[in-house]
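The values are calculated or read from the model by the stated rules, or taken from the named source; none is laboratory data. Everything quoted here is computed from the prediction, not taken from an experiment. We place every Cβ from the backbone using ideal geometry, glycine too, and count neighbours over all the protein chains shown.
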Amino acid sequence: MNASSAKPEMLVIDDEFQIRRLLRVTLEAAGYDVREADGGRVGLNEIAHRRPDAVILDLGLPDLPGAEVLRRLRDWCQVPVLVLSVSNDEREKIAVLDAGADDYLTKPFGSGELLARLRVLRRRTQAPEEARIVRFGMVQADLVNRVITKDGAVVRLTAKEYALLRLLLVHRDGVVTQAQALRDVWGPNAADQTHYLCVYMARLRQKLEEDPSQPRFLRTEPGVGYRLCAG
């Protein structure tokens, strides 16, 4: 919530000025403070700096697909997100909900339904938000911009390496089981492919640890999984 106001703060991410104006009028009349972004990257930065109470996200953005905005956002933040789209395609709805949306509303929509859905979203208990920046040793992980540095130099990670590291960062200081890592990074059909984990953990240690043979941060929990010790 905006520290300077008792009103809940809403961020509208939509590239159409007319839609943003309509939403502003509707939301302000309902007691919200409203901020706007006309693209996905601007919207992500606004969320990182403003921490709004909820987000209304249009899928048809000019710079990033709405589903990609959701995937990046869910790396580090659990703010409620209501997606707007002109499409009523069931597959698209499923895709954005799987990517992290909390609800989906098709254009055109009524103001009453919009406000009701937002009330439902805001009533839901939200998990504590993850930190945007995580540091361990000489490594800094920026989960908003997906940039990993070690001693100030950018570390190049493959998509799978980053996905595994991100999973460990989100659950830092807790154990990520082998089954969870395989399911989240490689998919539900990779449950028995534990050698994937061995190979990719070795790669991460090679790139991020000072002494990969004696890892200080990327730790193995024998027979269970892995833990990232960020303390």
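Could you tell me whether region 118-139 includes any residue that is assigned to a helix (DSSP H, G or I) and either touching an Asp or Glu at 6+ places or on another chain (Cβ under 6 Å) or over 23 Å from Gly43 (Cβ atoms) (or both)?
Yes, some residue in region 118-139 is assigned to a helix (DSSP H, G or I) and either touching an Asp or Glu at 6+ places or on another chain (Cβ under 6 Å) or over 23 Å from Gly43 (Cβ atoms) (or both).
Tell me which of these Leu97 doesn't satisfy, since it passes every other one: (1) crowded, with 18+ Cβ neighbours inside 10 Å; (2) of a type in the set (A, V, I, L, M); (3) within 14 Å of the chain's Cα centre (by Cα).
The failed condition is (1).
Name the one entry in Asn45, Asn88 that is under 15 Å from Tyr104 (Cβ atoms) and surrounded by fewer than 15 Cβ atoms within 10 Å (Cβ to Cβ).
Going through Asn45, Asn88 in turn, just one is under 15 Å from Tyr104 (Cβ atoms) and surrounded by fewer than 15 Cβ atoms within 10 Å (Cβ to Cβ): Asn88.
Okay, residues lined up against (1) touching a residue at least 40 places away in the same chain (Cβ under 8 Å); (2) under 24 Å from Val83 (Cα atoms); (3) aromatic (Phe, Trp, Tyr):
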site: Tyr104; (1), (2), (3): no, yes, yes
site: Gly110; (1), (2), (3): no, yes, no
site: Ile133; (1), (2), (3): no, no, no
site: Val144; (1), (2), (3): yes, yes, no
site: Glu161; (1), (2), (3): yes, no, no
site: Arg166; (1), (2), (3): yes, no, no
site: Gln178; (1), (2), (3): yes, no, no
site: Ala190; (1), (2), (3): no, no, no
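Take Val139 and tell me if it is touching a Phe, Trp or Tyr at 6+ places or on another chain (Cβ under 9 Å) and under 30 Å from Thr26 (Cα atoms).
no
Those residues that are in a loop (DSSP other than H, G, I, E, B) and among the β-branched types (Val, Ile, Thr), I need them from region 142-157; list them, please.
Val144, Val155
Among the residues of region 208-231, how many are within 20 Å of Arg135 (Cβ to Cβ), in contact with a strand residue (DSSP E or B) (Cβ under 8 Å, 6 or more places away or on another chain) and surrounded by 17 or more Cβ atoms within 10 Å (Cβ to Cβ)?
Summing the residues that are within 20 Å of Arg135 (Cβ to Cβ), in contact with a strand residue (DSSP E or B) (Cβ under 8 Å, 6 or more places away or on another chain) and surrounded by 17 or more Cβ atoms within 10 Å (Cβ to Cβ) in region 208-231 gives 7.
Kindly indicate the residue of region 87-102 that is touching a residue at least 24 places away in the same chain (Cβ under 8 Å) and of a type outside the set (D, E, K, R) and also nearest to Val185 (Cα to Cα) among those meeting that condition.
Ala99
Considering only region 1-116, give the strands (runs of 3 or more DSSP E) lying wholly within it that have at least 1 residues that are under 23 Å from Arg146 (Cα atoms).
9-13, 33-37, 54-58, 81-85
Answer yes if at least one residue in region 155-177 is closer than 20 Å to Val134 by Cβ, modelled with pLDDT of 85 or more, polar (S, T, N, Q) and within 19 Å of the chain's Cα centre (by Cα), and no otherwise.
Taking every residue of region 155-177 in turn, at least one turns out to be closer than 20 Å to Val134 by Cβ, modelled with pLDDT of 85 or more, polar (S, T, N, Q) and within 19 Å of the chain's Cα centre (by Cα).
Among the listed residues Leu64, Leu84, Leu70, which satisfies the condition of being touching a helix residue (DSSP H, G or I) at 6+ places or on another chain (Cβ under 8 Å), touching a residue at least 60 places away in the same chain (Cβ under 8 Å), in the same structural domain as Ile19 (by TED's automatic domain parsing) and on the phi < 0 side of the Ramachandran plot?
Residue meeting the stated conditions: Leu84.
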